[in-house]
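Visitor: Below you will find the structure I want to go over with you.
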Amino acid sequence: MYRMAPRSAYLTRWNEAMVPVLVAVIGGYLLGSVPVAVLVARAYGFDPRAVGDRNPGFWNMKEQLGWRAAVPVFAGDMLKGTFAALAALTVSGAHTTGFGVVTGDSVVPVYLATAAAMIGHAWPVFAGFRGGRSILTFVGGFAVICPPAFLLGVAVLVVTALVTRSFAIGARAGVFGIPLLQLLFTPVGYVAATGALMCLIGLRFGQAARAARTPS
């Protein structure tokens with residue numbers, strides 16, 4: 001005769017499933033909220049949100065201080081996404097394929113962690129909810145989601161930058177090529193989730209454009 005599992009068993013399974021999700025969302029947001037560009041700029045006596053394009057990210061810092069001084073911002077913003085995704089991957093059982101691509105029970109927590117880190121970067125609790133556009137944080141998280149597609153994206157960036165003699169053009173080619181490259185390694189549903197993450201970047205650019213048109 002079929003017997004229903006005790007309610008306590010369902011609750012236990014629910015709690016076990018929710019722990020990775022909570023770690024992903026809370027941990028990802030707090031990591032993303034660390035205002036790397038603001039902290040670095042403070043050492044030079046200015047606020048990146050008040051100069052240049054007012055974006056507290058790598059490109060504005062590079063324009064203000066040059067490549068060398070902006071490198072910590074590049075690394076810090078990217079590592080926020082990477083650490084958030086790695087934490088979620090670890091607590092969810094580290095389910096990956098032979099290529100290191102996230103799979104199984106780790107997919108949702110890792111994507112949520114990356115999204116939360118991007119949201120934290122865009123609206124950081126530690127910096128008055130005035131953040132950047134989350135591109136590097138997205139890329140850092142994607143490096144955990146699909147390592148081989150990430151490496152191919154880096155290759156696209158390097159080759160395009162060498163051909164065009166423009167790092168900016170190479171970076172755009174590498175980032176926008178990520179979904180196509182991911183199709184080589186994951187189901188289309190995962191690629192759609194990656195596209196959803198990229199929509200957040202588009203939202204931030206749209207907000208920045210609207211703010212630029214609004215009289216102060």
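Visitor: So what are the ³J(HN,Hα) numbers for region 157-167, from phi and the Karplus equation (6.51, -1.76, 1.60; θ = phi - 60°), rounded to whole Hz, Gly and Pro as x?
Guide: 4, 5, 5, 5, 5, 5, 5, 8, 6, 9, 5
Visitor: Treat each spin label as a single point 7 Å out from the Cα along the C-beta direction, and report the Arg54 to Phe176 distance in nm.
Guide: Going by the 7 Å Cα→Cβ label model, 2.6 nm.
Visitor: Follow-up question, since we're still on this one. What's the center-to-center distance, using Cα atoms, between region 158-172 and region 130-150 in Å?
Guide: 18 Å
Visitor: Which of Leu86, Ala211, Ile26 sits farthest toward the positive end of the charge dipole of the chain, with +1 on the Cβ of Lys and Arg and -1 on the Cβ of Asp and Glu?
Guide: It is Ala211.
Visitor: Here's another thing I want to ask about it. Could you do me a favour and compute the accessible area per residue for the chain, 1.4 Å probe, result in Å²?
Guide: Working: 11770 Å² over 216 residues.
Result: 54 Å² of accessible area for each residue.
Visitor: With the Cα gyration tensor of region 74-123 giving a ≥ b ≥ c as the square roots of its eigenvalues, does the rule (a/c under 1.5 for rounded; else a/b larger than b/c for prolate; else oblate) give rounded, prolate or oblate? The partial results should precede the final answer.
Guide: On the way: a/c = 2.67, a/b = 1.78, b/c = 1.50.
Prolate, since a/c reaches 1.5 and a/b exceeds b/c.
Visitor: Considering only protein heavy atoms and a 1.4 Å probe, what is the carbon-and-sulfur percentage of the accessible area of the chain? Mind dumping the intermediate values first?
Guide: Working: 8110 of 11770 Å².
With neighbouring chains kept in place, the figure for the chain is 69 percent.
Visitor: With a 1.4 Å probe and all protein chains in place, put Val159, Val107 in order of accessible area, largest first. It would help to have the intermediate numbers written out before the result.
Guide: Numbers: Val159 90, Val107 20 Å².
Ranking Val159, Val107 by accessible area, largest first, yields Val159, Val107.
Visitor: Next question. What is region 27-146 by shape, rounded, prolate or oblate, if you read a ≥ b ≥ c off the alpha carbon gyration tensor as root eigenvalues and call it rounded for a/c under 1.5, prolate for a/b larger than b/c, and oblate otherwise? Present the calculation step by step, with values, prior to reporting the outcome.
Guide: On the way: a/c = 3.09, a/b = 2.13, b/c = 1.45.
Cα axes put region 27-146 in the prolate bin.
Visitor: Let me ask something else about it. Starting at the first residue of region 191-204, write each ³J(HN,Hα) from the Karplus equation 6.51 cos²θ - 1.76 cosθ + 1.60 with θ = phi - 60°, in whole Hz, x for Gly and Pro.
Guide: Karplus values, whole Hz, x for Gly and Pro: 5, 4, 5, 5, x, 5, 4, 5, 5, 5, 4, x, 4, 5.
Visitor: Of Asp53, Asp105, which has the most accessible area and how do the rest follow, probe 1.4 Å? Don't skip to the answer; put the middle values down first.
Guide: Working: Asp53 80, Asp105 115 Å².
Largest to smallest exposure gives the sequence Asp105, Asp53.
Visitor: For region 54-64, what does the Karplus curve 6.51 cos²θ - 1.76 cosθ + 1.60, with θ = phi - 60°, yield as ³J(HN,Hα) per residue in whole Hz, taken in order and with x for Gly and Pro?
Guide: Once rounded to whole Hz, the list reads 6, 9, x, x, 4, 4, 5, 5, 5, 5, 7.
Visitor: Moving on to the next point. Give the shape of region 97-154 as rounded, prolate or oblate, defined through the alpha-carbon gyration tensor: a ≥ b ≥ c are the square roots of its eigenvalues, a/c under 1.5 means rounded, and otherwise the shape is prolate if a/b is larger than b/c and oblate if not. Provide the component values of the computation, followed by the final result.
Guide: Working: a/c = 4.97, a/b = 1.82, b/c = 2.73.
Here region 97-154 falls in the oblate category.
The values are calculated or read from the model by the stated rules, or taken from the named source; none is laboratory data. Not measured: the values here are computed from a predicted model. All Cβ positions, even for glycine, are placed from backbone atoms using ideal geometry, and neighbour counts span all protein chains on display. These accessible areas exclude ligands, DNA and RNA; they are computed on the full protein's heavy atoms, side chains included. Shrake-Rupley method; radii C 1.70, N 1.55, O 1.52, S 1.80 Å.
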